[in-house]
Structures are given as C-alpha cells and as structure tokens.
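Encoded as structure tokens, the structure appears first; notes follow it.
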Amino acid sequence: MPRRPASEQGDTLKQVREAAFSLFGRYGYDGVSMLAVARAAGLTKAALYWHYDGKEALYTDCVRQLNALFRRHVFTRMAAEDTPIERLMAIFRGMGTLLADPAVDEGVAGYWLMPSTADVAEARAVQAQFEEASARVIGQAIQAAVDDGDLTLDIPVVDMAQAVMATMEAIVLPLRRSNPERSRRLIAALAHTFFRAHAVRPELARMAMGESGLATT
C-alpha cells in the first residue's frame, strides 16, 4: 500500500486520537475495541494498526492526552502566577476551565476504571509519573506559601499536595456533562474550604470564593 502524504497522515492520526480518547473516556479500557475506534475514526481496523501497534499503545497515548489537559489548564496556569498563593488559587481556576474543555465534557470517567483484560503497565507508569510530578509542583507551591507565612499546616506538605491532586482528579474524572454552574460552585466551595482551613489571613478564603473569580469563571 503506498504511503499517504504527511498532511493526510496527520489528519487521520488526529481523528484516531480524538475517537479513542472519547471512547476510552466513556467506556474504559475493557469496553473499547480497536474495531470500535477504527469505525469511530472512519477507518478500517487494518488502517488503525498503521498508527498504533495495539490497543495498549493506543490507550497509553490517550492517558497522555488526559494528562496534557491537566497540564494545560492547571499547571501551565500555575506557572504563570507570581506568588505561591496565586499559584494555589490557579489550581482551582484551572479546574474550572478543565471541566469546560470539550474533551472532558464528553466524559473521562472511563480512565478511572481499572482494566481487567490487560496489564497496561506502560499506561500505569505514565499516570504514576504524571501524578508524582504534579503533586511535587503543588507541594512546592504549598511549601512556599507556608514559608511566606500565608498558610499554616498541621500535616506534612507532601500529604497535603497528594490530597489536593487526588481531590482534583476525583472532581474532574467522574463528571460527565455536569451542569456548568454546579461545577463552578463545587470548585469555589472547595477553594474556600481549603483557604479557610489553612490560610493565615481570613481574606484569602474570601478571595478564593469571590474576588479571585472562582465563583463566577
């Protein structure tokens, strides 16, 4: 079979990745076949194997796509802020925009389902590395805020960072087509609770709820 032009290959790969991401997000690893992905992408099953060696490789790529969404909406936004407190507030703002992303709105709860028909060791390793790196970034922001005298903690910073990361995933992954206003209010309440419990200055909790825009964006 003659090799297609690079531009056509790129368009086809984009269709495959979008179709697979959506299907795995809705049905999990076990609920998706390569044939289903091929049909959703408008390809034959043989053509799909032109791009991926198998289902495990395709699933791993989709896990990377999910992690990239978190990076784009949350961690890139954190990095753009000047102070530790602003970086922490950016976590919650980023969750709001992440929930509004069309790729997430289609449903990503399937990535929480544990595959029973395959080990998917590479995908598990990719996810573990992402969560470790993300918790480290969150922990650095928390520690800097503590050092600045803006936050106080009675538990280790590493535990708090992991709790924030786990909570973020717990809010984003199970939701599917949740009412946008309800999602905004949930995130705003979570931000308010975090800063109310740990901020030295009471006004930080109010900022998290209102002045920062978390309640309305």
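Yes/no per residue for (1) over 24 Å from Tyr27 (Cα atoms); (2) at pLDDT 90 or above:
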position: Leu66; (1), (2): no, yes
position: Val74; (1), (2): yes, yes
position: Asp82; (1), (2): yes, yes
position: Ala109; (1), (2): no, no
(message) Would you confirm, using the coordinates I've provided, whether Leu69 is in contact (Cβ under 8 Å) with a residue 12 or more places away in the chain, surrounded by fewer than 19 Cβ atoms within 10 Å (Cβ to Cβ) and touching an Asp or Glu at 6+ places or on another chain (Cβ under 9 Å)?
(response) yes
(request) Taking the options Ala118, Ala123, name whichever one is crowded, with 19+ Cβ neighbours inside 10 Å, among the hydrophobic types (A, V, I, L, M, F, W, C) and within 14 Å of Tyr29 (Cα to Cα). (result) Ala123
(message) Name the single residue that is farthest from Ala125 (Cα to Cα) among those in the range 72-87 being open to solvent by less than 30 Å² (accessible area, probe 1.4 Å) and either of a type in the set (Ser, Thr, Tyr) or more than 16 Å from the chain's Cα centre (by Cα) (or both).
(response) Ile85
(message) If I go through the range 146-164 residue by residue, how many of them are over 17 Å from Ala197 (Cβ atoms) and either modelled with pLDDT under 85 or of a type in the set (A, V, I, L, M) (or both)?
(response) 1
(request) Could you check Val200 against (1) at pLDDT 75 or above; (2) buried (at least 18 other Cβ atoms within 10 Å of the Cβ) and say which number it fails? (result) (2)
(request) Please name all residue pairs, on different chains or six or more residues apart, with Cβ atoms under 8 Å, provided the first residue is in the range 11-35 and is aromatic (Phe, Trp, Tyr) and assigned to a helix (DSSP H, G or I) and the second residue is at pLDDT 95 or above and open to solvent by 20 Å² or more (accessible area, probe 1.4 Å). (result) Phe21/Gln65
(message) One residue is enough: does the range 140-150 have a residue meeting the conditions under 23 Å from Val32 (Cβ atoms), among the hydrophobic types (A, V, I, L, M, F, W, C) and out of contact with any Cys (no Cβ under 7 Å at 6 or more places or on another chain)?
(response) no
(message) Restricting to the range 137-176, name every residue that is assigned to a helix (DSSP H, G or I) and loosely packed, with under 14 Cβ neighbours inside 10 Å.
(response) Asp147, Asp159, Ala166, Ala170
(request) Using the structure shown, decide if Tyr52 is aromatic (Phe, Trp, Tyr), buried (at least 19 other Cβ atoms within 10 Å of the Cβ) and outside any helix (DSSP H, G or I). (result) yes
(request) Could you tell me whether any residue of the range 96-106 is open to solvent by 40 Å² or more (accessible area, probe 1.4 Å), more than 26 Å from Ala144 (Cα to Cα) and out of contact with any helix residue (DSSP H, G or I) (no Cβ under 9 Å at 6 or more places or on another chain)? (result) yes
(message) Between Gly28, Gly42, which is surrounded by 15 or more Cβ atoms within 10 Å (Cβ to Cβ) and on the phi > 0 side of the Ramachandran plot?
(response) Gly28
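The values are calculated or read from the model by the stated rules, or taken from the named source; none is laboratory data. What you see is a predicted model; the values in this text were computed from it and never measured. Neighbour counts run over all protein chains shown; Cβ positions are idealised from the backbone, glycine included. The accessibility values were calculated without ligands, DNA or RNA, using every heavy atom of the protein model including side chains. Shrake-Rupley method; radii C 1.70, N 1.55, O 1.52, S 1.80 Å.
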